[in-house]
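To keep things clear, I will list the structure first and then write my remarks on it.
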Amino acid sequence: MIIHGRSLYPPSYHPRTHSVPVAQLQFRAYHPQFLELYMHFVGHAAAALGIPISRPVYLPTQRSLWTVPRGPFVHKKSQENFERKVHKRAIKAWDADPEVVDRWVRYISRHTMPGVGLRVTQWKRAPPGIGQQMVDAAVGSTRLGSSADNVKALAKKIVQQEL
């Protein structure tokens, strides 16, 4: 009896919990077969690490055309046409720990297929309370934010000078 591995089946997709995006991956390749195989590998790697990802999104295929003369000089009417298509896909990762996402990205970058390009955009979340820390730092650097007592003493001195 032969038991096949996971490679025959589509990857399992974990459900999102909070819908907070963590990373976006864009893939490019000239051959769609390599791209599909690599997307399959990336989906299984994310499922093994428990990262909720979107299904592959098909982005528009970029098509480039060239016309080149076959021979030099007098053979202008004899030309060849060349075409190159760049196939693109995108995946978005949600609700995962940044360390797990970093490890996943390093793993798929290390095991990338020849002929497939990868671009990763990661979003780092600031810790809670960072806004209050930024306000305190901004107020502390101004002259008025030094202390309330200094402001009151300065106000009294100005009032006494005016009277």
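The values are calculated or read from the model by the stated rules, or taken from the named source; none is laboratory data. Please read all numbers here as calculations on a predicted model, not as lab measurements. Every residue, glycine as well, gets a Cβ built from its backbone with ideal geometry; the counts of neighbours run over all protein chains shown. Accessible surface areas use protein heavy atoms only, side chains included; no ligands, DNA or RNA. Shrake-Rupley method; radii C 1.70, N 1.55, O 1.52, S 1.80 Å.
Taking the inverse of the average 1/r across all pairs of different Cα atoms in the range 59-99, what Kirkwood radius in Å do you get?
Values: mean 1/r = 0.0708 Å⁻¹.
One decimal place: 14.1 Å for the Kirkwood radius.
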| request: Take the Cα gyration tensor of the chain, multiply each eigenvalue by 5, square-root it, and list the three semi-axes largest first, rounded to whole angstrom. | output: 57, 30, 11
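Please report the carbon-and-sulfur percent of the accessible area for the chain; probe 1.4 Å, protein heavy atoms only, DNA, RNA and ligands left out. Spell out each step's value before the answer.
On the way: 7140 of 12330 Å².
Using a 1.4 Å probe with all protein chains present, the chain comes out at 58 percent carbon and sulfur.
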| query | Could you give the alpha-carbon Rg of the range 63-157 over 2.2 N^0.38 Å, rounded to two decimals? | reply | 2.45
| remark: Here the range 27-90 gives, from Cα atoms, an Rg and Dmax in Å of 19.0, 64
| said: Between helix 148-162 and the chain, what is the angle of the helix's C-alpha long axis to the longest principal axis, kept within 0 to 90° and rounded to the nearest 10? | reply: 50
| field | Label zone at H18 (point 7 Å along Cα-to-Cβ), backbone N below 13 Å, the range 122-138 | value | 124-129
| Lys/Arg Cβ at +1, Asp/Glu Cβ at -1, dipole of the range 1-138 taken about the Cα centre: which of L118, M134, A48 is farthest positive-ward? | L118
| query | Can you give me the relative contact order of the range 56-163 as a percent, contacts being Cα pairs under 8 Å and 6 or more apart? | reply | 18
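May I ask you to derive the FRET efficiency for L118 and T61 from their Cβ-Cβ distance with R0 = 25 Å, giving the value to the nearest 0.05?
Working: r = 18 Å, r/R0 = 0.70.
With a Förster radius of 25 Å, E is 0.90.
With every protein chain left in place, what is the accessible area per residue of the chain in square angstrom, probe 1.4 Å?
Values: 12330 Å² over 163 residues.
I get 76 Å² per residue for this part.
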